[in-house]
Each structure stands twice: as structure tokens, then as C-alpha cells.
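The values are calculated or read from the model by the stated rules, or taken from the named source; none is laboratory data. Note that the coordinates shown come from a computational prediction; the quantities given were computed from them, not determined experimentally. Every residue, glycine as well, gets a Cβ built from its backbone with ideal geometry; the counts of neighbours run over all protein chains shown. SASA here: full protein model, heavy atoms, side chains in, ligands and nucleic acids out. Shrake-Rupley method; radii C 1.70, N 1.55, O 1.52, S 1.80 Å.
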Amino acid sequence: MPHALIVHAHPEPNSFCSAQMREAARTLTEQGYTVEISDLYGMGWNAELGRGDFTHPLADFFKPQAEQVRAVQEGTFAPEVAAELEKLRRADLLVFSFPMWWFSLPALLKGWVDRVFAMGAAYGGGVGTFAQGAFRGRRALLLFTTGSLEEYFGPGRRDGEMDTLLFHIQHGMFYFVGYTVLAPVVSFAPVRQTPEEREAQLRKVRRAFAELGTRQVIFDFQEG
Ligand SMILES: Cc1cc2nc3c(=O)[nH]c(=O)nc-3n(C[C@H](O)[C@H](O)[C@H](O)COP(=O)(O)OP(=O)(O)OC[C@H]3O[C@@H](n4cnc5c(N)ncnc54)[C@H](O)[C@@H]3O)c2cc1C
């Protein structure tokens with residue numbers, strides 16, 4: 001049975017963003033996935049990669065990546081990091097669910113990547129990157145809301161090209177550690193929609209997650 005991990009970062013459980021995350025989770029379950037959700041605000045997740053990530057004695061000069069490699073080898077991550085890393089390792093499908101903040105991820109979700117995409121586990125330190133990344137053969141995608149209208153995005157438009165805005169996440173995070181990256185599912189400006197339009201958008205989200213098998217692939221590795 002395929003397994004999905006949704007890492008969700010919205011501070012309001014009744015937000016549209018949280019509602020569409022629940023729709024995605026329900027749809028994946030209907031598709032035969034087992035689904036785990038890391039609700040970062042709900043969990044009280046700490047975004048800060050620091051000395052507290054490790055239970056082994058640290059070198060005087062703190063080098064986060066070196067300590068991550070050691071923690072992978074010795075099993076000495078702090079429990080909250082170890083738990084998220086286990087969830088990540090279980091998942092065939094990884095979904096980041098969030099509102100676009102400052103053309104990017106909320107800091108809490110970026111901090112999850114800093115701490116959980118650890119050197120030695122996700123990339124580097126004996127594991128490769130990109131085609132040799134730890135998660136090659138698995139899929140990942142973004143599910144997010146915006147404040148800006150769809151027509152603000154595009155070449156030469158006010159907010160720029162979405163692919164360019166998302167490059168640091170889809171390429172710099174997902175593809176870097178080996179994922180095949182599927183086209184993002186975006187709900188533009190739900191705040192400006194009528195209740196009926198929002199309902200229609202939730203149906204689009206459901207359809208997108210019901211049809212992941214045929215969803216456009218935006219970064220993938222050649223076989224072999
Ligand atoms: C720090 C910060 C930086 C930002 N930077 C950017 C940026 O760079 N680019 C950009 O485009 N935007 C930006 N924004 C805006 C942000 O992306 C949007 O406010 C957010 O994505 C809107 O989604 P939401 O889920 O929070 O909306 P909400 O306000 O939660 O939802 C909209 C409406 O949907 C309703 N709703 C909830 N559940 C349902 C349901 N099940 N069915 C139907 N309706 C429902 C809600 O009640 C609400 O009326 C920024 C915001 C912040 C705080």
C-alpha cells in the first residue's frame with residue numbers, strides 16, 4: 001500500500017489552506033494510500049536547526065551538517081527530528097501544504113526541511129544528490145494557496161513566473177534529494193472567491209489528488 005506524508009504549515013485549522021489539505025488527505029486515502037500528516041503549527045514544531053537537534057556530545061565548533069551525519073550514523077537525533085525523519089523515510093509521496101508567504105514557504109516549513117532533510121539521510125555524507133539522492137523513485141509535490149490572483153503570475157507580470165518562484169523548493173529541495181517532482185496544486189486567492197468558487201476549487205484539489213498517476217511531471221531523472 002503506498003504511503004503519503006503531508007507536511008502542513010498553516011496557523012489556522014479553519015483556513016481554506018487547511019481545508020484543502022484535509023481534502024487532499026481524504027482523496028489519497030480513497031485512492032488506497034495510508035496518509036500521515038505533520039501539522040507543524042498543531043505540533044508546536046520548532047523551526048530552528050540548532051544544538052538541540054542532537055543528543056550526542058557536540059564538537060566545540062558547531063557544524064550542523066557534520067552533526068547531522070553523525071546523528072544519522074549513531075541514531076542520536078533529538079526525538080522530534082528522529083520522528084519526522086522516520087515519517088519521511090516511510091513516505092512514497094511527500095506533499096508540502098502551505099500558504100505562499102513572501103513568494104515562498106512559511107518559515108516553520110522551511111525549518112522542517114532544514115532539520116529533517118538531514119545530511120547523511122537525505123543527501124550527502126555517503127548519500128548522493130539529485131539522481132543519487134536518498135528519495136529517488138519517490139514523488140513529491142506542493143499544495144498551496146496564494147493571496148495574489150492567478151493573472152498576477154507569469155512572464156513579465158507583477159509577481160513573476162510561478163516556476164521561477166518555486167524553483168528553490170521544487171528543484172532545490174525536492175529534486176535535490178532525489179524526488180520526482182509533480183506539478184504543484186495551487187489555489188489562487190481563495191480570500192477573493194465566493195463560497196461557490198471555493199467549493200469548486202476544493203473539487204479541483206480532489207480531482208488533482210485522485211489523478212496523481214497522470215499528473216504532469218516537472219523534474220524527473222532519466223532511467224538508468
Ligand atoms: C507573512 C505573509 C506573507 C505573504 N506573502 C504572500 C506572497 O508572497 N504571495 C501571495 O500571493 N500571497 C502572500 N500572502 C497571502 C497568503 O498567501 C494568503 O493570505 C493565503 O494563501 C490565503 O489562503 P488561506 O487559506 O490563509 O485563506 P483563508 O482566509 O483561510 O480562506 C479564505 C476563505 O475561505 C474560507 N474557507 C475555509 N474553509 C473553507 C471550506 N472548506 N470551503 C469553502 N471556504 C472555506 C475561509 O473561511 C475564508 O473566508 C502572505 C501572507 C502572509 C501572512
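Measuring r between the beta carbons of GLN73 and LYS204 and using R0 = 45 Å, the FRET efficiency lands at 0.50. Heavy-atom accessible area with a 1.4 Å probe sorts TYR152, TYR175, largest first, into TYR152, TYR175. Sequence-ordered 3J(HN,Hα) estimates for segment 124-134 from the Karplus curve with 6.51, -1.76 and 1.60 and θ = phi - 60° stand at x, x, x, 9, x, 10, 6, 4, 9, x, 5 Hz, glycine and proline given as x. What segment 151-201 shows is 49 Å² of accessible area per residue, with the surface traced by a 1.4 Å probe over protein heavy atoms. Solvent exposure of PHE221, expressed as accessible area, is near 30 Å², computed with a probe of 1.4 Å over the protein chains only. Taken about its Cα centre, the chain carries a charge dipole of about 220 debye when Lys and Arg each add +1 at the Cβ and Asp and Glu each add -1 at the Cβ. When only the Cβ of Lys, Arg, Asp and Glu is charged (+1, +1, -1, -1), the dipole of segment 98-217 relative to its Cα centre reaches about 340 debye. Sorted into 5 angstrom bins from 0, the C-alpha pair distances of the chain split as 1, 7, 14, 18, 19, 17, 11, 7, 3, 2, 0, 0 percent. Taking packing as the residue-averaged number of other Cβ atoms within 10 angstrom, the listed peptides 115-124, 43-52, 93-102 run from highest to lowest as 115-124, 93-102, 43-52. Ligands, DNA and RNA excluded, the heavy atoms of ILE37 present near 80 Å² of accessible surface to a 1.4 Å solvent probe. Using 0.36 nm per residue and subtracting the Cα-Cα separation, the extra length available between ARG192 and ARG51 on full extension is 46.5 nm. Site pair ALA107 and THR29 shows an inter-label distance of 3.4 nm when each label is modelled 7 Å from Cα along Cα→Cβ. Computed extension length for ALA66-GLU36: 7.9 nm, one decimal, from 0.36 nm per residue of separation with the Cα-Cα distance subtracted. Of the beta bridges in the chain, as assigned by DSSP with both residues counted there, near 15 percent are antiparallel.
Both radii are taken from the alpha-carbon atoms of segment 110-224; with Rh as the Kirkwood radius, Rg/Rh is 1.03.
Centre-to-centre separation between the Cα atoms of segment 100-153 and those of segment 74-93: 16 Å.
Surface composition of segment 108-224: carbon plus sulfur atoms contribute 50% of the solvent-accessible area (1.4 Å probe, protein chains only, all chains present).
Rounded to the nearest 0.05, the FRET efficiency derived from the C-beta distance between ASP220 and LEU149 at R0 = 30 Å is 0.50. Inter-label distance, PHE167 to SER15: 2.6 nm, where each label sits 7 Å from its Cα along the C-beta direction.
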